[in-house]
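Read the structure below first, then the notes.
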Amino acid sequence: MKLTPLNIALACVLVWVVSEWGSEQEQIMSWAWLLALTIFLALIDLGFRLFFKDLKRIWILQIGFILLVGILMVILKIQ
């Protein structure tokens, strides 16, 4: 499996959630949401790989996708 931005983002989220297990605070997300997020990101990554064969283009588009989703999340959080 080739390294792509969505794989890196998924790995960061998984490490973040696992690192929060031992804390006394409330969990960040439930196991069901974590599983849904993992499946969703894997399917989006697979879709990018099927539509675009050039690895450089996949990197650019996936970084753009992550930035777009991040910006939308910030805008929705502010409102």
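Applying the condition of being surrounded by 13 or more Cβ atoms within 10 Å (Cβ to Cβ) and β-branched (Val, Ile, Thr) to region 37-59 and asking which residue is nearest to the chain's Cα centre (by Cα) yields Thr38. Of all residue pairs spaced 6 or more apart or on separate chains, those with beta-carbon atoms under 7 Å, a first member in region 28-50 that is closer than 16 Å to Gln62 by Cβ and a second member that is open to solvent by less than 50 Å² (accessible area, probe 1.4 Å) and not hydrophobic (A, V, I, L, M, F, W, C) are Asp45/Thr4; Asp45/Asn7; Phe48/Gln62. Of the residues Ile44, Ile60, Ile78, which single one is farther than 23 Å from Thr4 by Cα and of a type in the set (A, V, I, L, M)? Just a single option satisfies the conditions, and that option is Ile78.
The values are calculated or read from the model by the stated rules, or taken from the named source; none is laboratory data. Keep in mind the model is a prediction, meaning the values are calculated, not measured. Heads up, the Cβs are rebuilt from the backbone with ideal geometry, glycines too, and the neighbour counts pull from every protein chain shown. Please note that ligands, DNA and RNA were not included when accessible areas were found on the heavy atoms of the full protein model with its side chains. Shrake-Rupley method; radii C 1.70, N 1.55, O 1.52, S 1.80 Å.
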